[in-house]
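Worksheet: one structure, shown below.
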Amino acid sequence: MPWELRDGEPVIDPALVRALLREQHPDLARMPLGEPVRGWDNTMVRLGERLALRLPRHAQAETLLDREVAWLPRLASQLAGLPSGTQHHAIPAIPTPARTGVPGAGYPFRWAVVPWVHGTPAVHVPLEVRDAYAPSLAATLRALHQPAPADAPASAFRGVDLADVEDRFARRWDALADDLGRERRDRLAEVWSRAVNAAPYSGARVWLHGDPHPNNTVLAGVGPVPMAGSPVLVDFGDLCAGDPASDLGSALLHFSPAGRDAFVSAYDAGRVPDPALWARAQGWTLNYVLIFAAQPPGEALRPLGLGLLA
């Protein structure tokens, strides 16, 4: 998941964006553009006050964008039809693409115009701010985790049994475990052992964001003190259906131990707790920690991974 340009990756700059808009959406072509911001899979370019272009950096990212275009309208419709007893204030805003685009102007991939979410990525705010929104994020994910239709997309890496990712986990563990103290290494190994030996998921496949980590969560408002009570999930490229433990494991990365307790309590509110679910979730947390810790310097999630391994 490199930040540097891959071999053959298109250079995405304002001139290219203007050309694509003039060709395919000329009514948008005169709107102000922001500076391109490159993520793992896509480059985002703000368009006016309320929109942005989402431009895949590589072919796999184009596939993920196709998933968003195909499925986010269906997900939004399903969530809008939830029964009146649901906490509607917690139902996530689904960033349904407003327009789509095809290859052109020398750019080789399909692309989309999407809603722009104003705010600050949660990874850039202090831990105490993140802890403050633990109940709100729990309610958001609980509202999202609704039974998915039979043809909802699946993922090989999220929402699956932990045994399906154990080989990848083992390689990452072998690369990093020697840098841990013996006591810390033993504690983390026990977390993984409990997770893989927990009762497997047997419920209905539910909708998953797929990657609700702190860099895919935006806090409304800007400035030194964003509004901690209003986390908004962005980047639904890993949208899939399956075991909610993988989403919950990613969400636990946001918080301190106290914040994690508040998150678990809020997610479980009003129903019988499932210890196996949370054992699996903790395994997923460790899996993501290893992924983030292995990222190159300068990647926003790397300090989070390294800090949780310390």
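The values are calculated or read from the model by the stated rules, or taken from the named source; none is laboratory data. Worth saying up front: this structure is predicted, and the values here are computed from it rather than measured. Counting neighbours? That spans all protein chains shown, and the Cβs are built from the backbone with ideal geometry, glycine included. Areas reflect the complete protein model, heavy atoms only, side chains present, ligands, DNA and RNA absent. Shrake-Rupley method; radii C 1.70, N 1.55, O 1.52, S 1.80 Å.
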Protection proxy (average C-beta count within 10 Å per residue), highest first, orders 92-103, 19-30 as 92-103, 19-30
Work out, step by step, the length gained on full extension between Ala93 and Gln78: first 0.36 nm times the residue separation, then minus their alpha carbon distance; give nm to one decimal. 4.2 nm
Over the stretch 181-308, what is the relative contact order in percent, taking alpha-carbon pairs closer than 8 angstrom and at least six residues apart? 29
What list of ³J(HN,Hα) couplings, whole Hz, do you get for the stretch 296-310 from phi and the Karplus terms 6.51, -1.76, 1.60, once you set θ to phi - 60° and write x for glycine and proline? x, x, x, 6, 4, 8, 4, x, 5, x, 5, x, 6, 7, 5
According to a simple spin-label model (label point 7 Å from Cα along Cα-to-Cβ), what is the distance in nm between Leu51 and His118? 1.8
Is the shape of the stretch 1-156 rounded, prolate or oblate, going by the alpha carbon gyration tensor and its root eigenvalues a ≥ b ≥ c, with a/c under 1.5 for rounded and a/b larger than b/c for prolate? prolate
May I ask you to derive the FRET efficiency for Ala258 and Arg18 from their Cβ-Cβ distance with R0 = 30 Å, giving the value to the nearest 0.05? 0.05
FRET efficiency estimate (nearest 0.05) - Cβ-Cβ, Ala189 to Phe157, R0 25 angstrom: 0.70
Taking the alpha-carbon centre of each part, the distance from the stretch 242-290 to the stretch 88-118 in Å is 29
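Quick check on the stretch 146-299: take the gyration tensor over C-alpha atoms, sort the square-rooted eigenvalues as a ≥ b ≥ c, and tell me if it's rounded (a/c under 1.5), prolate or oblate.
It comes out rounded by the Cα gyration axes.
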Computed [θ] at 222 nm, deg cm²/dmol, the chain (DSSP H ≥ 4; -39,500 (n - 2.57); rounded to nearest 500): -12500 deg cm²/dmol
Net charge near Gln282, counting Lys/Arg +1 and Asp/Glu -1 over other residues with Cβ under 14 Å of its Cβ? -1
Could you work out how much longer the chain between Ala150 and Leu306 gets when fully extended? Use 0.36 nm per residue separation minus the Cα distance between them, nm to one decimal. 52.3 nm
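Just order 232-242, 289-299, 52-62 by mean Cβ neighbour count inside 10 Å, highest at the front, would you?
Most protected by this proxy first, the peptides run 232-242, 52-62, 289-299.
Taking the Cα centre of the chain as the origin, how large is its charge dipole in debye, to the nearest 20, when only Lys and Arg (+1) and Asp and Glu (-1) carry charge on their Cβ atoms?
Dipole of the chain, to the nearest 20 debye: 520 debye.
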Taking the chain and dividing mean pair separation by its residue count, relative contact order in percent (alpha carbons under 8 Å, at least six apart): 19
Under Karplus coefficients 6.51, -1.76 and 1.60, residue-wise ³J(HN,Hα) of the stretch 275-282 in Hz, glycine/proline x: x, 5, 4, 6, 5, 5, 4, 5
What FRET efficiency would be calculated for the residue pair Asp179, Gln60, taking the C-beta separation as r and a Förster radius of 45 Å, to the nearest 0.05? 0.90
Order by accessible surface, 1.4 Å probe, largest leading, for residues Ser256, Ser193, Ser77 comes to Ser77, Ser193, Ser256
Cα atoms only: what Rg and Dmax, in Å, come out for the chain? 19.6, 61
For the stretch 39-44, what does the Karplus curve 6.51 cos²θ - 1.76 cosθ + 1.60, with θ = phi - 60°, yield as ³J(HN,Hα) per residue in whole Hz, taken in order and with x for Gly and Pro? x, 4, 10, 9, 9, 9
Probe 1.4 Å, accessible area per residue of the chain, Å²: 46
Accessible-area ranking of Asp167, Asp211, largest first, probe 1.4 Å: Asp167, Asp211
Run the simple label-point estimate for Arg30 and Ala170 please: 7 Å along Cα→C-beta, distance reported in nm. 6.2
Taking amide H positions as placed in the peptide plane 1.01 Å from N, state which residues far from Val160 in sequence (5 or more) or on other chains have amide H under 5 Å from it. Asp243
